Amino acid sequence: MVRIDLETAPYLGDFEIVERKGTGHPDTICDNLAEAYSRALSRFYMERFGRILHHNLDKAILVGGEATPRFGGGEVREPIEFILVGRATYRYGGEDFRREIEEIYHETVRSWIRENLPHLDVDRHMRLVLKARAGSEDLTDLFEREGEVPLANDTSFGVGFYPFTKAERLAYDLERFLNSKDYKEDHPYVGEDIKVMVVRDLKTYRITVALAFVDRFVKDVKHYRELKTKIQGDTYRRAKEIVGDHPLSVEINVADDYRRGSVYITVTGTSAEAGDDGQVGRGNRVNGLITPYRPMTLEAAAGKNPVSHVGKIYNIAANMIAREVVERFPAVENVYIYLVSQIGRPVNEPQLVHARVWGGLTESELYEIRDFVSERVREIGNLWRKIVFEGVEVA
């Protein structure tokens, strides 16, 4: 049964903080690599056995390397180490395919790095380690229990909300804009490690961007300042399209000290080469944002199996349902969706489904929304197909 509450007005207060860690941030790298491997492994299982086998590969750490960036081009002295840890099935139906899942891991990581971090030479600048062990008997047995709908392998919860506020749109859009292929074609000195922090104070928006420059495209400090000024102007104009007439400021790489020649340049376009380490679950939630003024969960969705791990599928489902409610019912101004599982129960039978809705809605419209949410929850058992074959973003 869906519990639905009609609220008077969405209230975020006088202040708002929103953050997005971009493609090349070490935490985002960990999330994306764990998720890419889970999808690749799921497809392998499907092709070999006609079903996805038990796995949860949601523990990963990126150990930053050592580098010496220099104007005109520096070097990486000690490679980055990426270690993925978790549980995976490598024996099934009388077969042992441990070597194959290891090969899939290396192929998947190399492919993602080459496609998304073009300045990082994965063969020279990275060491890849996979520590995958078989799952515990009780959880593997729970996963293997045949039924029309998978059984939840954990008691957990997922949350989602929609639509985004202006501050949330700013954080998401600006990172995607600066990391877009179109922007990089004209600005090759822009690295992939971009973090956007948006602070709203009443109606004033303050944007702070951390952006890794690629050193070989920068001649000296003077050239760096010129390029940064160009990016700052582009970012300001893009942000203005969202905030309109509201006061706005944009600052980039605030810690730079031009007099000392201390500026944010990198060899590879990511601080993972020397400045920072990474871990799954420390970055963006499944909607691509970090939003302390909105409902959030600490679940690390990336790398969890897409069939029964509610820590993954409930967070994805909650955000999808929230968006669909707003798009389907024009009177809805804002909606929060909460889903709570219970281990061993079918994934499409949460112990609680709670929808908080804002807007000028009639009682009959509330009943329609309740029915719509109920219908979407019943379909959660098939969400794995979208996750595996359509590549739903989790960071």
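What follows is calculated from the coordinates using simple rules that are stated; it is not laboratory data. Keep in mind the model is a prediction, meaning the values are calculated, not measured. Here the Cβ positions follow ideal geometry from the backbone for every residue, glycine too, while neighbour counts run over all protein chains shown.
Can you tally the net charge around W358? Count Lys and Arg as +1, Asp and Glu as -1, for every other residue whose Cβ sits under 12 Å from the Cβ of W358.
Result for the neighbourhood of W358: -2.
Not counting the cut sites, what is the longest span of the chain without GluC sites (Glu not before Pro) that DSSP labels loop and that have at most 10 other Cβ atoms within 10 Å?
Here the longest segment lacking exposed loop sites spans 149-395.
Taking DSSP loops as anything outside H, G, I, E and B, show the longest stretch in the chain free of chymotrypsin sites (Phe, Trp or Tyr not before Pro) there with at most 12 other beta carbons within 10 Å.
12-257
How much length would be gained if the chain were fully extended between L352 and V149, taking 0.36 nm per residue of separation minus their Cα-Cα distance, in nm to one decimal?
Full extension of this stretch gives 71.3 nm more.
Relative to the present Cα-Cα distance, how much length would full extension add between H246 and E47 at 0.36 nm per residue of separation?
This chain segment gains 66.3 nm when fully extended.
Calculate one ³J(HN,Hα) per residue across segment 62-71 by plugging θ = phi - 60° into the Karplus curve 6.51 cos²θ - 1.76 cosθ + 1.60, and present them in order as whole Hz with x for glycine and proline.
10, 8, x, x, 10, 9, 10, x, 9, 4
Report, in deg cm²/dmol and to the nearest 500, the calculated mean residue ellipticity at 222 nm for the chain, where each DSSP H run with n ≥ 4 adds -39500 (n - 2.57) and the sum is divided by the residue count.
Only helices count here, giving -11500 deg cm²/dmol.
Quick one: 3J(HN,Hα) in Hz for segment 172-181, Karplus 6.51/-1.76/1.60 with θ = phi - 60°, rounded, Gly and Pro as x.
Karplus-based 3J(HN,Hα) across segment 172-181 equals 5, 5, 5, 5, 5, 5, 5, 9, 6, 5 Hz.
Restricting to the chain, compute how many DSSP beta bridges are antiparallel as a %, nearest 5.
Rounded to the nearest five, the antiparallel share is 70 percent.
Using amide H atoms built in the peptide plane, which far-off residues or other-chain residues are under 5 Å from A60 H to H?
The answer is V85, V280.
Give me the net charge for the shell around N179: Cβ to Cβ below 14 angstrom, other residues only, Lys and Arg +1, Asp and Glu -1.
The answer is -3.
For the charge dipole of the chain, defined by +1 on Lys and Arg C-beta atoms and -1 on Asp and Glu C-beta atoms about the Cα centroid, which residue among I101, F217, L33 has the Cα displaced farthest towards the positive pole?
The one lying farthest along the dipole's positive direction is F217.
In percent, what relative contact order does the chain have, based on Cα pairs under 8 Å that are 6 or more apart in sequence?
Once divided by the residue count of the chain, the mean separation gives 29 percent.
Gain in length, F15 to R176, computed as 0.36 nm per residue apart minus the alpha-carbon separation, to one decimal in nm?
Extending this stretch completely gives an extra 55.6 nm.
Here are some pairs, K59/K230; K166/K219; K203/K230; which of them have Cα atoms lying more than 30 Å apart in this structure?
From the list (K59/K230; K166/K219; K203/K230), the Cα-Cα distance tops 30 Å for K59/K230; K166/K219.
Decide, for segment 166-314, between rounded, prolate and oblate: order the square roots of the alpha carbon gyration tensor eigenvalues as a ≥ b ≥ c, take rounded if a/c falls under 1.5, and otherwise choose prolate if a/b is larger than b/c, else oblate.
Here segment 166-314 falls in the oblate category.
So if I place +1 on the C-beta of Lys and Arg and -1 on the C-beta of Asp and Glu, and nothing else carries charge, what would the dipole magnitude of the chain be about its Cα centre? I want it in debye, nearest 20.
The dipole of the chain has a size of about 640 debye.
Once a ≥ b ≥ c are taken as the square roots of the eigenvalues of the Cα gyration tensor of segment 22-144, is the result rounded (a/c under 1.5), prolate (a/b larger than b/c) or oblate (a/b not larger than b/c)?
Note, shape of segment 22-144 comes out prolate.
Below 8 Å between Cα atoms, with a sequence gap of 6+, how large is the relative contact order for segment 22-144 in percent?
28 percent
Name the residues of segment 347-367 whose amide N is less than 17 Å from a point 7 angstrom out from the Cα of V340 along the C-beta direction?
347-356
Check H246: other-chain or 5+ apart residues with amide H under 5 Å from its amide H, H built from backbone geometry?
Those qualifying (amide H under 5 Å, at least 5 residues apart or on another chain) number zero.
If you average the alpha carbon positions of segment 108-122 and of segment 272-315, how far apart do those two centres end up, in angstrom?
The distance from the Cα centre of segment 108-122 to that of segment 272-315 comes to 21 Å.
When a/c reaches 1.5 or more, the comparison of a/b and b/c decides; with that in mind, is the chain rounded, prolate or oblate per its Cα gyration tensor?
Because a/c hits 1.5 or more and a/b fails to exceed b/c, the chain counts as oblate.
Please identify the longest segment of the chain free of exposed trypsin sites (Lys or Arg not before Pro), where exposed means a DSSP state other than H, G, I, E or B and no more than 16 other Cβ atoms within 10 Å.
Segment 261-395 is the longest.
Each residue of segment 295-303 in turn: what ³J(HN,Hα) in whole Hz from Karplus with 6.51, -1.76, 1.60 and θ = phi - 60°, glycine and Pro shown as x?
Per residue, the Karplus-derived 3J(HN,Hα) values read x, 9, 10, 8, 4, 8, 6, 4, x Hz.
Quickly work out the R225-to-E390 label distance, labels modelled 7 Å from Cα along the C-beta direction, and quote it in nm with one decimal.
Label at E390, label at R225, 5.0 nm between them.
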